[in-house]
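First the structure, in the form of C-alpha coordinates, and then the observations on it.
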Amino acid sequence: MFVDIDSVAEGFVDLLDLPRDPADWPQMGTVLSMAVAILRIGPHSLHGRTSIQVRLRPVQLPE
(Lines give C-alpha, C1' and ligand atoms only; values in the text may rest on other atoms or scores of the structure.)
Protein backbone atom coordinates (compact mmCIF):
# COMPACT_ATOMS: atom_id res chain seq x y z
CA MET A 1 0.00 0.00 0.00
CA PHE A 2 1.57 3.29 -1.06
CA VAL A 3 1.50 6.13 1.45
CA ASP A 4 2.16 9.86 1.27
CA ILE A 5 5.34 10.62 3.20
CA ASP A 6 5.49 14.25 2.05
CA SER A 7 8.74 13.61 0.19
CA VAL A 8 10.11 12.98 -3.29
CA ALA A 9 10.49 9.34 -2.27
CA GLU A 10 7.79 6.72 -2.68
CA GLY A 11 6.62 5.35 0.65
CA PHE A 12 4.79 2.12 1.09
CA VAL A 13 3.67 -0.27 3.81
CA ASP A 14 3.79 -4.01 3.27
CA LEU A 15 0.29 -5.44 3.71
CA LEU A 16 1.75 -8.11 6.00
CA ASP A 17 2.46 -5.32 8.52
CA LEU A 18 -1.23 -4.35 8.65
CA PRO A 19 -4.11 -6.13 10.40
CA ARG A 20 -5.39 -9.18 8.51
CA ASP A 21 -8.89 -7.70 8.08
CA PRO A 22 -8.87 -4.61 5.81
CA ALA A 23 -11.76 -3.19 7.85
CA ASP A 24 -9.21 -2.75 10.67
CA TRP A 25 -6.77 -0.77 8.51
CA PRO A 26 -6.34 2.95 9.22
CA GLN A 27 -8.71 5.14 7.21
CA MET A 28 -7.37 7.29 4.38
CA GLY A 29 -5.89 10.48 5.83
CA THR A 30 -4.98 8.90 9.17
CA VAL A 31 -1.59 10.07 10.46
CA LEU A 32 0.51 7.24 11.91
CA SER A 33 3.91 6.84 13.48
CA MET A 34 6.02 4.73 11.14
CA ALA A 35 9.51 3.25 11.20
CA VAL A 36 11.69 2.82 8.14
CA ALA A 37 12.11 -0.90 7.48
CA ILE A 38 14.02 -0.67 4.17
CA LEU A 39 15.42 2.22 2.14
CA ARG A 40 16.15 1.52 -1.53
CA ILE A 41 17.94 3.92 -3.82
CA GLY A 42 17.85 2.95 -7.49
CA PRO A 43 19.90 4.25 -10.41
CA HIS A 44 17.03 6.16 -12.02
CA SER A 45 13.31 6.21 -12.60
CA LEU A 46 11.41 6.59 -15.86
CA HIS A 47 11.94 10.36 -15.56
CA GLY A 48 15.74 10.06 -15.47
CA ARG A 49 16.01 10.90 -11.77
CA THR A 50 17.31 8.70 -8.97
CA SER A 51 14.46 6.65 -7.57
CA ILE A 52 14.05 6.41 -3.81
CA GLN A 53 11.68 3.93 -2.23
CA VAL A 54 10.96 3.77 1.50
CA ARG A 55 9.36 0.67 3.00
CA LEU A 56 7.62 1.54 6.25
CA ARG A 57 6.09 -0.41 9.09
CA PRO A 58 3.60 0.97 11.58
CA VAL A 59 5.02 1.61 15.05
CA GLN A 60 1.52 1.53 16.53
CA LEU A 61 -1.84 1.26 14.79
CA PRO A 62 -4.75 3.38 16.01
CA GLU A 63 -7.30 1.50 18.09
- Can you tell me which residues in region 9-44 are within 18 Å of Val59 (Cβ to Cβ), part of a strand (DSSP E or B) and not hydroxyl-bearing (Ser, Thr, Tyr)? Gly11, Phe12, Val13, Met34, Ala35, Val36, Ala37, Ile38, Leu39
- Considering region 45-56, residues that are assigned to a strand (DSSP E or B) and not β-branched (Val, Ile, Thr), and then whichever is modelled with the lowest pLDDT, we arrive at Gln53
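The values are calculated or read from the model by the stated rules, or taken from the named source; none is laboratory data. Keep in mind that what you see is a predicted model, and the values were worked out from it rather than measured. So basically every Cβ, Gly included, is an ideal-geometry build from the backbone, and we count neighbours across all protein chains shown.
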